[in-house]
1. Report the one residue of Val363, Gln256, Leu304 whose Cα lies farthest in the direction of the positive end of the charge dipole of the chain (charges on C-beta: Lys and Arg +1, Asp and Glu -1; origin at the Cα centre).
2. If you place +1 on the Cβ of every Lys and Arg, -1 on the Cβ of every Asp and Glu, and leave all else neutral, what size is the dipole of the chain about its Cα centre, to the nearest 20 Debye?
3. May I ask which of Lys137/Lys191; Lys94/Lys136; Lys133/Lys191; Lys211/Lys266; Lys211/Lys405 have a Cα-Cα span longer than 19 Å here?
4. Expressed as an acute angle from 0 to 90° and rounded to the nearest 10, what is the orientation of the C-alpha long axis of helix 125-147 relative to the principal long axis of the chain?
5. What lysines does Lys407 reach when the alpha-carbon gap must be under 17 Å and sequence neighbours fewer than 8 apart in one chain are set aside?
6. Using modelled backbone amide H atoms (1.01 Å from N, in-plane), which distant-in-sequence or interchain residues come within less than 5 Å of Lys72's amide H?
7. Remind me, relative contact order of the chain in percent, using alpha carbon pairs under 8 angstrom and six or more residues apart?
8. Relative to the longest principal axis of the C-alpha atoms of the chain, give the angle of the C-alpha long axis of helix 202-219, reported between 0 and 90° and rounded to the nearest 10°.
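Each value in this text was obtained by applying a stated rule to the coordinates, not by laboratory testing. Predicted, not measured: the structure shown is a model, and the values here were computed from it. Here the Cβ positions follow ideal geometry from the backbone for every residue, glycine too, while neighbour counts run over all protein chains shown.
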Amino acid sequence: MYATSVDADAEGASCWICLEEGPDESGQPLVRDCSCRGNAGFTHLSCIIEYAQQKSMGDVSDTIKFIEPWSKCPSCHQLYERELASNLSAACVKAVEEKYPECNWRHLSALHRQLGGFIHNIENPQQRDVYRKIGKKCITVAEQLKMKNEHLTMPNTILGIEADAHGILANLDMETGTDESIKRAVGYYGKARDICAVLGHTAQVAHVEAKIAEAKSMLRQEDNVEISDSELDSLRTVYELLVDKDGESSPGTITQGDHLSINLQKANHTIEAERLSKKLVAICRRVHGPNHKLTKNVQSTLELVARRLVMVPYENDVELFQALRYEDDGEKCVVKGPINTGSADTNEETILTVDTDDVYPTVGLPVVCHGLKNASYLNGKLGDVRGIDEKTGRFAVHFEDLTTKPKLVKYENLRVVFDLPDEVVEDYDGVD
């Protein structure tokens, strides 16, 4: 039927539906891909498909009641993930096409659910082609629904699914990365933006426009394109909307928060990125458990944004190192490297102890000011390095306390911040 992988924690567990241990009659193993822990939540794929078919029967217009058994674990109430989610969504489409061939609304709901599985398969070129076909079919069925005037009480839902389909098709083309596919992505993003505008979803419109700008920048072959403040604001707005709508622990909210954190780090807003990632890790570990895919994803992002990269003189050159800690009352700094940015191989990295005066900040590094005399009010202020002034060689520091204006500071008056202190809102007006 549908192939699936064995869960490493399934030993000693039994299917919560048929209560049998081990594989089913066809040899398919017990599976689980939700947030259940211990021996809870395991089932045979054949059992959960039969269960979903029975639970989804009823009023064809109740899309939530119909799709929920195929998408959400009834025990932990979290969405299924990865391979199990893909298998169930495919089985849902197959069941609808066999049992309800004339029901366009159920067909659209099932296709939309299946399309959502692209995020687990986007890195596989063959799977990208499969999901392109699903996305195009989703748009076709939505158009058929509108032409037949079915379910006019839910036109916004149909439009929302159309927007999702166009957006996912765009993401798939962006992942392919050729000039031709990126041009297609711009077109799909444009359609998604126009639908969001009709629905009055201003935050989503801003978000999609940022994606269009990113795609056009790729077509212009601009390397290291900066992420604009407006794009960051749109990403923050989308995340906040999801927190209000679905709660901070929902998988969709966490995924958007992780996306926001990655982009904050790219824009050198490292302190904000690290605080957000720490929050997401804590939520994931508490709600979904340490072994859940979401937890591993946000933990990986936290490890990325929490690195402290500096430049250090090394073998007649200046190389990139990771700063680890200060020693000897801040006189010495322990670093690891050099880091080869073109390779993931770290076997040649070494641990060195160097003079703190030989450690130079990189853009994005969290720092604290110290030893300033003419601007002593900045001493102890926490901020990110956002750039270097070519004329003076000083570092542009943007402070976490937004009431303090950005300043150009000499490197010897900056120290690396290894552990962020608790966030404090200050009322200083930033005037010398």
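1. So the residue furthest toward the plus end is Gln256.
2. Its charge dipole is roughly 1320 debye.
3. With Cα atoms farther than 19 Å apart: Lys211/Lys405.
4. Around 60 degrees separate the two axes.
5. Lys373, Lys381, Lys391
6. Placed amide hydrogens put Tyr80 under 5 Å from Lys72.
7. 7 percent
8. That works out to roughly 70 degrees.
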